[in-house]
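A short write-up of the structure that comes next.
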Amino acid sequence: MVTFEDVRDWALALPGVEEGTSYGTAAFRVRGKLIARLRDEDGALVVKVDPGYREALIGAAPEIYFMTPHYARYPAVLVRLTAANGDELRDLLTDAWRDQVPKRLLADFDAQRRAD
């Protein structure tokens, strides 16, 4: 089981990520662009993803990934934290970050990972 504290640790470990709020709940942004936020109503995490990838995630694991009508027009997927796989969710957050981060920061991050 993944907790929101796990999500917070993973998100804040990514360069340039800041914690704030969105719709009154905890959210993570890079350069003002949302990458993920918590939903109070069901304890799910909203993560930015490409809409085509969202459909693949939901199709492969509907017990983990889902959608509500509200998010149908947004590039995001909802993740049930209680059912999520930690490694997969950490990768999903990193991908959301990669889509929003400036190219120079991404290049520095990738170089550091190769060096480790």
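No value in this document is a laboratory result; all are computed from the given coordinates. As the structure is a computational prediction, the values presented were derived from the model and not from experiment. Glycine also receives a Cβ, built like all others from the backbone with ideal geometry; neighbour counts cover every protein chain displayed.
Tell me, which residue of the range 36-70 that is in contact with a Pro (Cβ under 8 Å, 6 or more places away or on another chain) and not in a strand (DSSP E or B) is nearest to Ser22 (Cα to Cα)?
Among them, the one singled out is Val49.
Could you count how many residues in the range 1-19 are without any contact (Cβ under 8 Å) to a residue 24 or more places away in the chain, assigned to a strand (DSSP E or B) and surrounded by 12 or more Cβ atoms within 10 Å (Cβ to Cβ)?
Qualifying residue count, the range 1-19: 1.
Only residues that are within 10 Å of Ala11 (Cα to Cα) and either aromatic (Phe, Trp, Tyr) or touching an Asp or Glu at 6+ places or on another chain (Cβ under 9 Å) (or both): list them for the range 89-112, please.
Result: Arg90, Trp97.
Sort out which residues of the range 99-116 are within 27 Å of Leu78 (Cα to Cα) and exposed (fewer than 11 other Cβ atoms within 10 Å of the Cβ), and write them in order of number.
The one that is within 27 Å of Leu78 (Cα to Cα) and exposed (fewer than 11 other Cβ atoms within 10 Å of the Cβ): Lys103.
Just checking, does the range 81-98 include any residue being in contact with a strand residue (DSSP E or B) (Cβ under 7 Å, 6 or more places away or on another chain), surrounded by 14 or more Cβ atoms within 10 Å (Cβ to Cβ) and either free of Cβ contacts under 8 Å to residues at least 40 places away in the same chain or of a type in the set (Asp, Glu) (or both)?
no
Take Arg73 and tell me if it is without any contact (Cβ under 8 Å) to a residue 60 or more places away in the chain, part of a loop (DSSP other than H, G, I, E, B) and closer than 25 Å to Tyr23 by Cβ.
Judged against the criteria, Arg73 is a match.
When only residues in the range 65-80 that are over 22 Å from Leu12 (Cα atoms) and touching a helix residue (DSSP H, G or I) at 6+ places or on another chain (Cβ under 8 Å) count, which is surrounded by the most Cβ atoms within 10 Å (Cβ to Cβ)?
Step by step, filter the range 65-80, then rank; the result is Tyr65.
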